[in-house]
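Everything on this sheet refers to the single structure shown next.
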Amino acid sequence: MQNLIELKDLKREFVITKGWIKRKKEIVKAVDGISFEVKKGEIFGLLGQNGAGKTTIIKMLITLLAPSSGTCKVLGYNTYGEEKEFRDKINFIFGGEMGVYKRLSARDNLKYFANLYYMDEAKANKQIDKLLELVDLKNKADVLVETFSKGMVQRLQIARGLINDPEIIFMDEPTIGLDPLGAKILRNIIRKLKTDGKTIMLTTHYLYEADELCDRIAIINNGHLVALGTPQELRNIISGMNTIEIVLEKVTNETIDVIEKLESVRSVEKADTDKGIKLIIKYLEDADISGNILNSLSGLKILSFNQKELTLEDVYIKLVEASR
Amino acid sequence: MKRFINQAWLSFKIRYAAISFEEFLLLESLYPLITLAFYCILAAYSFNTNNLAKWVVGNSFLLCTNICIFALGSAFDEERYTGRIRSIIISPVSKLLIVLEKGFFPAIISVITVFFGFMIGSLIFNVDFTSINLWLFLFVIIVGMFSMTGFSLFLSSFGLITDSMHFILNLVANILIIFSGANFPITQLPQTLQVISKIIPLTRSIESANMLFGGYDTYKFVWLLLEEMLVGIIFYVISYFVIKIAEKTAKKNATLELF
Ligand SMILES: Nc1ncnc2c1ncn2[C@@H]1O[C@H](COP(=O)(O)OP(=O)(O)OP(=O)(O)O)[C@@H](O)[C@H]1O
Ligand SMILES: [Mg+2]
């Protein structure tokens, strides 16, 4: 498969001048040597703390910012210097309310943006109707954006980002400000774009979202790459353990012994809680042991039974903390 | 071309949709007229003259500077403040075109403003314009506008790299008032500063418009207009390159976005 995005030892520094009379210069290394590739048709996630450098990476990819050093290529072209070659094949969706014309209607906004790509009028109008439908703004198409709610503006941003039918779409926190339903609609749009063969790079602070959507994820901290892989691979880095939590009315030590001796079980912890006695059982990930555990508990009153998979959030927190 | 007009119209709506037609008239014509009256009265007292033709002409030209400088000059600046510059920068559109689109309708309006500013000013200050060829006068205005547009394009590129556009635009507007010969004869300026008058737009259009009132030398008149056009063209060409350079610089120094 083809690499549509290619970063090699990419760096970007910002110079901040502090003070008013006595000027002090300070250099912030926002992106400090990052390398990875994104293949055609992938949904690629960028995760990381506030200030990790995600937006900076995206800005360099969409030709808004020049790299300080290293390679930053989209569709085989340098994003600084060879912008012309691929501009009409990319677009972006940024979260937030900036970036649309409040004094124009939704339709006029999209017309304006379509003209930035020199689209011919008939084609543009068709595309605009399609997009307005896609983001569910059809009945508000001719209302001034001034009167839109935050989520509606955000949906207009999504339509804007798709106006030129881009090959690669860069999304920076696209679901921020959307209600749960709106966020779900967007996730469905993202999946549909993938089936249409588009490539997507997205950042988000919602880990379940990344887990659900992304084929591969890069975790970034302080401008460095901390981990890279499929959501499953990232889980494996942390541990091969899963957890089952069972709350019982009462339990004997013999029963605990029996469970501990089950194949694949690695540890059993006992804790008294308000609701009863909680057993926390850790076992090897691929094993299917819930049946065996239930057998050994026969006759006891089970108040709750919870099979917990390691979430991406657990992984993320561990990796980011470890990289400090 | 149709796309250009469409985009220009949308840009115009963006700029003015918030105000009603009446407010628009007030803003775009009453305010300039008052400015014009102010300078003419000032001139009448300080130069102790009854022949105000020169000031009416000069100041009606200045009416267009504000519209032109601020509509075109602040094009990128405005987009930066609203976070819309991203969409423009990453798209294939010519950045020069964006500024021109934004300035197109304001420029037409300012031609009309100059023309009517001149008529109304003349009526108020008893300037006899029946003897001059109004079509020729209109043509001079259009030539003046042309070079002003080139000049404002040049200014607009700075909007990509500096946060002080308001200051720059106001400064330039005042430079034009002083150095274009609208209010003070250029010959009264120190020799070195007269150079500024030579390189800015409007100076020559104002001079040639004034020539319409006295008996004039056709050769010199045409020559002045050609020079004015040349000034405009030079600024267009410079802008073409300066905008590209400014775009690159902005990407290097991260000044495209303010947040
Ligand atoms: N134009 C700029 N000038 C100076 N410093 C900047 C600029 N843009 C970003 N930075 C700095 O670069 C670092 C990375 O910022 P960036 O916006 O890429 O983070 P992020 O990962 O997108 O964070 P968030 O999750 O908060 O959006 C931060 O320390 C930020 O302060
Ligand atoms: Mg960010």
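The table that follows gives values for the structure above.
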{"read-out": "Those residues of the stretch A:167-207 which are away from ligand 2 (no atom under 16 Å from the Cβ) and assigned to a strand (DSSP E or B), in sequence order", "value": "A:168, A:169, A:199, A:200"}
{"read-out": "Filtered residues of the stretch A:78-118 (kept if touching a residue at least 40 places away in the same chain (Cβ under 8 Å), outside any strand (DSSP E or B) and within 9 Å of another protein chain (Cβ to nearest Cβ))", "value": "A:88, A:96, A:97, A:99, A:100, A:101, A:102, A:103, A:104, A:109, A:113, A:117"}
{"read-out": "Qualifying residue in the stretch A:101-120 (condition: within 16 Å of ligand 1 (Cβ to nearest atom) and either within 29 Å of residue A:177 (Cα to Cα) or open to solvent by less than 20 Å² (accessible area, probe 1.4 Å) (or both))", "value": "no"}
{"read-out": "Per-region count, the stretch A:167-191, residues among the hydrophobic types (A, V, I, L, M, F, W, C), crowded, with 21+ Cβ neighbours inside 10 Å and within 16 Å of ligand 1 (Cβ to nearest atom)", "value": "2"}
{"read-out": "The stretch A:11-26, residues that are more than 16 Å from ligand 2 (Cβ to nearest atom) and either within 21 Å of residue A:80 (Cα to Cα) or touching a residue at least 60 places away in the same chain (Cβ under 8 Å) (or both)", "value": "A:11, A:13, A:15"}
{"read-out": "Checklist (1) hydroxyl-bearing (Ser, Thr, Tyr); (2) in a helix (DSSP H, G or I); (3) surrounded by fewer than 16 Cβ atoms within 10 Å (Cβ to Cβ) applied to residue B:149, failing item", "value": "(3)"}
{"read-out": "Verdict on residue A:63 being within 13 Å of ligand 2 (Cβ to nearest atom) and within 19 Å of residue B:251 (Cα to Cα)", "value": "no"}
{"read-out": "Selection count where residues are open to solvent by less than 10 Å² (accessible area, probe 1.4 Å), outside any helix (DSSP H, G or I) and in contact with a helix residue (DSSP H, G or I) (Cβ under 9 Å, 6 or more places away or on another chain), scope the stretch B:52-111", "value": "2"}
{"read-out": "Single unsatisfied condition, residue A:52 versus (1) open to solvent by less than 10 Å² (accessible area, probe 1.4 Å); (2) more than 23 Å from residue A:80 (Cβ to Cβ); (3) not in a strand (DSSP E or B)", "value": "(2)"}
{"read-out": "Inter-residue pairs, beta-carbon under 8 Å, first assigned by TED's automatic domain parsing to the domain that holds residue A:188 and of a type in the set (A, V, I, L, M, F, W, C) and in the stretch A:40-51, second open to solvent by less than 20 Å² (accessible area, probe 1.4 Å) and assigned to a loop (DSSP other than H, G, I, E, B), 6+ apart", "value": "A:43/A:214; A:44/A:214; A:47/A:204"}
{"read-out": "Residue match in the stretch B:32-48 (condition: within 19 Å of residue B:68 (Cα to Cα) and modelled with pLDDT under 75)", "value": "yes"}
{"read-out": "Leading residue by the ranking (surrounded by the fewest Cβ atoms within 10 Å (Cβ to Cβ)) among those in the stretch A:133-155 that are acidic (Asp, Glu) and touching a helix residue (DSSP H, G or I) at 6+ places or on another chain (Cβ under 9 Å)", "value": "A:142"}
{"read-out": "Residues satisfying the stated conditions in the stretch A:246-268, i.e. open to solvent by 30 Å² or more (accessible area, probe 1.4 Å), more than 21 Å from residue A:318 (Cα to Cα) and in contact with a strand residue (DSSP E or B) (Cβ under 7 Å, 6 or more places away or on another chain)", "value": "A:249, A:250, A:260"}
{"read-out": "So residue A:26, is it surrounded by fewer than 21 Cβ atoms within 10 Å (Cβ to Cβ), among the acidic types (Asp, Glu), within 12 Å of chain B (Cβ to nearest Cβ) and within 10 Å of ligand 1 (Cβ to nearest atom)", "value": "no"}
{"read-out": "Long-range neighbours under 9 Å by Cβ, at least six apart or interchain, first residue more than 11 Å from chain A (Cβ to nearest Cβ) and part of a helix (DSSP H, G or I) within the stretch B:238-256, second within 16 Å of ligand 1 (Cβ to nearest atom) and open to solvent by less than 30 Å² (accessible area, probe 1.4 Å)", "value": "B:243/B:160; B:246/B:160"}
{"read-out": "Any helices (runs of 4 or more DSSP H) falling wholly within the stretch A:212-300 and containing at least 3 residues that are among the acidic types (Asp, Glu)", "value": "A:253-261"}
{"read-out": "Looking only at the stretch A:194-213, and only at residues there that are of a type in the set (D, E, K, R) and surrounded by fewer than 19 Cβ atoms within 10 Å (Cβ to Cβ), the one that is farthest from residue A:96 (Cα to Cα)", "value": "A:196"}
{"read-out": "Cβ pairs under 8 Å, 6+ apart, first in the stretch A:167-178 and of a type in the set (Asp, Glu), second within 13 Å of ligand 1 (Cβ to nearest atom) and open to solvent by 40 Å² or more (accessible area, probe 1.4 Å)", "value": "A:172/A:55; A:173/A:205"}
{"read-out": "Where residue A:82 falls short, out of the listed (1) away from ligand 1 (no atom under 13 Å from the Cβ); (2) at pLDDT 95 or above", "value": "(2)"}
{"read-out": "Residues being free of Cβ contacts under 8 Å to residues at least 60 places away in the same chain and in contact with an Asp or Glu (Cβ under 9 Å, 6 or more places away or on another chain) - total across the stretch B:75-97", "value": "6"}
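Here's the yes/no breakdown for (1) crowded, with 18+ Cβ neighbours inside 10 Å; (2) away from ligand 1 (no atom under 16 Å from the Cβ); (3) more than 30 Å from residue B:139 (Cα to Cα):
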{"site": "B:219", "(1), (2), (3)": "no, yes, no"}
{"site": "B:222", "(1), (2), (3)": "no, yes, no"}
{"site": "B:237", "(1), (2), (3)": "no, yes, no"}
{"site": "B:240", "(1), (2), (3)": "no, yes, no"}
{"site": "B:250", "(1), (2), (3)": "yes, no, yes"}
{"site": "B:257", "(1), (2), (3)": "no, no, yes"}
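The values are calculated or read from the model by the stated rules, or taken from the named source; none is laboratory data. The structure displayed is predicted, hence computed values, not measured ones. With ideal geometry, Cβ positions are generated from the backbone for all residues, glycine too; neighbour counts draw on all protein chains shown. SASA here: full protein model, heavy atoms, side chains in, ligands and nucleic acids out. Shrake-Rupley method; radii C 1.70, N 1.55, O 1.52, S 1.80 Å.
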